[in-house]
Amino acid sequence: MQHAEVPFFPPTASRTHEVCGAGAYVFAFALAARLAGYTMWVRENWDSTQINPTGFVDFVEPSVLTVCNTGKHTETLAVAEEALRSGAVSLVVMSLNQPLGLTEGRRLQLAARDGMSTGLAIIPEGMGSNAAETRWRCTPVFDPKDSTLQKWELIKNKSGTLGVWHVRWDTASRRITMVSPARK
């Protein structure tokens, strides 16, 4: 079976991007797998979402993921900026629940460029920064025969091209592949 690559995935390196939707974590872990380096996941203490190693081991080894809990939004941004600038990790994922101003977004872009790292902000639906290179909306697709089916929409792209793709995670090859939309 021939699998097609998803256009624009992985997103441009050394830049920061955004993702929203119920499939945002799948996008983040698929990106971590594709970049094949160390990942830092930065989130606020109040976030009760659990990142369980048995849940993401099909994407990346738990030893390459560091979770950093912060006290507030500004600390999340500061830690993410430092991690991006350090160049010690290939991906910095930050869970954000407040709008990101243009100044903060630009600082993250400069840090990603300087550290040659990729940044990914997981944001609530409808929230986003003008500084983001791309913004993706990722949602699961109900298919009784395939629980890994997702719909990825590129809803912002500074390069101009937008699109919608149905994808699935291939555990054996550890990559995202494009598939035909599920029929009703």
Exercise. In nm, to one decimal, how far is the Met116 label point from the Lys72 one, both placed 7 Å along Cα→Cβ?
Worked result: 3.6
Exercise. For the residue pair Asn45 and Leu162, what label-to-label distance in nm results when each label sits 7 Å from Cα along the Cα-to-beta-carbon direction?
Worked result: 4.0
Exercise. Over the heavy atoms of Arg85, what accessible area does a 1.4 Å probe trace out, to the nearest 10 Å²?
Worked result: 90
Problem set entry | Contour minus Cα-Cα distance for Thr139 and Arg106 (0.36 nm per residue) | 9.1 nm
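Whenever you get a sec, compute what percent of the accessible area on segment 1-119 sits on carbon and sulfur atoms (1.4 Å probe). Mind dumping the intermediate values first?
On the way: 3090 of 5660 Å².
Carbon with sulfur: 55 percent of the solvent-accessible area.
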Exercise. Tell me, what HN-Hα J-couplings in whole Hz come from the Karplus equation 6.51 cos²θ - 1.76 cosθ + 1.60 at θ = phi - 60° for each residue of segment 78-92, using x for Gly and Pro?
Worked result: 5, 5, 4, 4, 5, 5, 4, 5, 5, x, 7, 10, 8, 9, 10
Seminar exercise, completed: The alpha-carbon center of segment 111-184 and that of segment 6-21 are separated, in whole Å, by 7
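Which loop GluC sites (Glu not before Pro) in segment 105-179, with loop taken from DSSP, have no more than 11 other Cβ atoms within 10 angstrom of their Cβ? Show your work: numbers first, answer last.
Values: sites: Glu125, Glu133, Glu153; in loops: Glu125, Glu133.
Answer by residue number: Glu125.
Of the chain, which part is the longest with no chymotrypsin sites (Phe, Trp or Tyr not before Pro) in a loop (DSSP not H, G, I, E, B) and with at most 14 other C-beta atoms within 10 angstrom? Before the final figure, lay out the partial values.
Working: sites that count: Trp46, Phe142.
With a cap of 14 other Cβ atoms within 10 Å, the longest stretch comes to 47-141.
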For this session: Within segment 1-87, list the GluC sites (Glu not before Pro) lying in a DSSP loop whose Cβ has at most 15 other Cβ atoms in a 10 Å radius.
Result: Glu5
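Normalised by the residues of segment 16-135, what does the relative contact order come to in percent, with Cα pairs under 8 Å and at least six apart?
Here the relative contact order equals 37 percent.
Counting only Cα atoms, I'd like the Rg/Rh figure for the chain, Kirkwood definition for Rh.
Details: Rg = 15.6 Å, Rh = 16.5 Å.
Reported Rg/Rh (Cα atoms, Kirkwood Rh): 0.95.
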Exercise. What distance in nm separates the simple spin-label points at Asn130 and Glu61, each placed 7 Å from Cα in the Cβ direction?
Worked result: 4.4
For this session: Take every Cα pair under 8 Å in segment 113-164 that's 6+ residues apart, average their separations, divide by the length, and report that relative contact order as a whole percent.
Result: 27
Problem set entry | Residues of segment 45-67 with amide N under 17 Å of a point placed 7 Å along Cα→Cβ from Ser86 | 63-67
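The values are calculated or read from the model by the stated rules, or taken from the named source; none is laboratory data. Small disclaimer: the values here were computed from a predicted structure and weren't measured. Heads up, the Cβs are rebuilt from the backbone with ideal geometry, glycines too, and the neighbour counts pull from every protein chain shown. Quick note on the areas: whole protein, heavy atoms, side chains included, nothing else; ligands and nucleic acids left out. Shrake-Rupley method; radii C 1.70, N 1.55, O 1.52, S 1.80 Å.
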